[in-house]
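Working notes, beginning with the structure itself.
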Amino acid sequence: MKGVYDIGGIGLTWDLAVQGGRVPPVEFSVDPRVRHSFWALVVGGGSMYMGYVFDQSAIQRICALPTVRQAKLTYALTTVVTSISFVTLSFLGLVAYSYYTVRGCDPFKAGYLKNRNQLVPYFVMEIFHGFPGMSGLFLATIFSAALSSVSSVINGLAANTIEDLLRPAFDRYNTTEKGKIFIAKISVFFFGGLCVSLSFVARTLPGTVVQAAIGFVGACAGPVFGIFLLGASTPWGNIAGAASGLVVSLVLNAWITLGGIMYGRRPVPLPPAPGNFCHVQEVANITGLYLPDPFNNSTGYIDFSTSSPIPVAGIDSGGNPLYNISYMNYALTGWLIAFLVGLAVSLATKHWHEPTRDERLLLPFVRRFWRLNQADELQQAVKLRHSGEHSVEGPQTQKRLISFGNQTSDMI
């Protein structure tokens, strides 16, 4: 609100952002290489956030709630709050551009900033220059939110390490609880150090930290969403299919992500803010001189013609086309590959793995078909039994008959 007030109102803020090319028209192309198309943002972005539903840190929080109703309410509120936060962050970028347009100053052209990730802290520190403590409060809030998210992820990784990877070894060697807690602490220390190391690597990545985070999170969240969808939508999904789909999807997604970073098409940079009054503004602030509004100078308005027009980003014809896939679609490709590969392997190995017998493990719309399939199998088994072909019934067949009968009674 402070930035909008300094600019001159929300209407002027929006008009300047539109004139400066910060509000591009909606692109409805279905080409996955279009960077920010409607489908990439809605379908691809939605696929990425579906991965958060099955994230270890999210599951730990959900399991701490006493009822399923509260868990559903938590997910619904999280969706609303997350949507509001992303809209607010996007609008913050428009406010920053309009603010420096009104000032006639581009901090990048002036040499004040070298990295795009420095813009928001610099902007906040500038607009709250006369409010002691506000800039520090803003930065403290940002760091607190980041540490909260990182601590949850590290805790989840440590829990996965102890329960999913090291549990067989613990059971084999009868490890004490004290020993397990010590190894869990070591795991937290290891993953924390890994996060700190990756933060230094992030400085060398092209683009903003938000873009890199969305790309890497989507590349990992997509396969996780795919195997959960496999298990929840198909009764014959098994461990062989889930493991195969996860591994293949992670490998292919990592290849596409790293290839896109190193060899993919670079986004077309937006034109800078018009004008170059940064040094004049600096002198005015130091000496206390009055500097007229650039919109009321002798030329009447800021000349937007001094900025280069925004070129239309074309689709590269050379190189591997997979490297040009929008980073918003990494989660979509991940869950599709995981689901299809997992489904194929599960069908190929279904003779060695029993299908699920508990309808609660399936999505609600799948349970109806599951019940019809169970009823058909029960009728066939009953007909086979009453036809006198008792000689073909082994222990496994009899076990299935008992299981089908119990389940049918529960349904009735």
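The values are calculated or read from the model by the stated rules, or taken from the named source; none is laboratory data. Model, not experiment: these values are computed from the prediction. All Cβ positions, even for glycine, are placed from backbone atoms using ideal geometry, and neighbour counts span all protein chains on display.
Of the helices (runs of 4 or more DSSP H) lying entirely inside the stretch 151-242, those containing at least 2 residues that are at pLDDT 90 or above, hydrophobic (A, V, I, L, M, F, W, C) and not assigned by TED's automatic domain parsing to the domain that holds Val53 span 177-202. Of all residues in the stretch 243-268, those satisfying the criterion of being surrounded by fewer than 20 Cβ atoms within 10 Å (Cβ to Cβ) and not in a helix (DSSP H, G or I) are Arg265, Arg266, Pro267, Val268.
When the residues of the stretch 56-86 are filtered to those that are aliphatic (A, V, I, L, M) and surrounded by 12 or more Cβ atoms within 10 Å (Cβ to Cβ), the one that is modelled with the highest pLDDT is Leu73. Taking Pro132 as the residue in question, decide whether it is surrounded by 15 or more Cβ atoms within 10 Å (Cβ to Cβ), out of contact with any His (no Cβ under 8 Å at 6 or more places or on another chain) and not in a helix (DSSP H, G or I). Taking the combined requirement at face value, the residue does not satisfy it. The set of residues in the stretch 87-122 being basic (Lys, Arg) and surrounded by fewer than 16 Cβ atoms within 10 Å (Cβ to Cβ) consists of Lys109, Lys114, Arg116. Against the numbered list (1) free of Cβ contacts under 8 Å to residues at least 60 places away in the same chain; (2) in contact with a Lys or Arg (Cβ under 9 Å, 6 or more places away or on another chain), Gly133 comes up short only at (2).
Cβ-Cβ contacts under 7 Å between residues 6 or more apart (or on different chains), taken from a first residue in the stretch 43-55 that is more than 14 Å from Ile227 (Cβ to Cβ) and surrounded by fewer than 19 Cβ atoms within 10 Å (Cβ to Cβ) to a second residue that is small (Gly, Ala, Ser) and at pLDDT 80 or above, are listed as Tyr52/Ala58; Tyr52/Ala221.
The residues of the stretch 33-57 that are more than 16 Å from the chain's Cα centre (by Cα) and within 25 Å of Thr79 (Cα to Cα), listed by number, are Ser37, Phe38.
If you check Arg33, Arg69 for being closer than 20 Å to Pro267 by Cα and in the same structural domain as Leu270 (by TED's automatic domain parsing), only one passes: Arg33.
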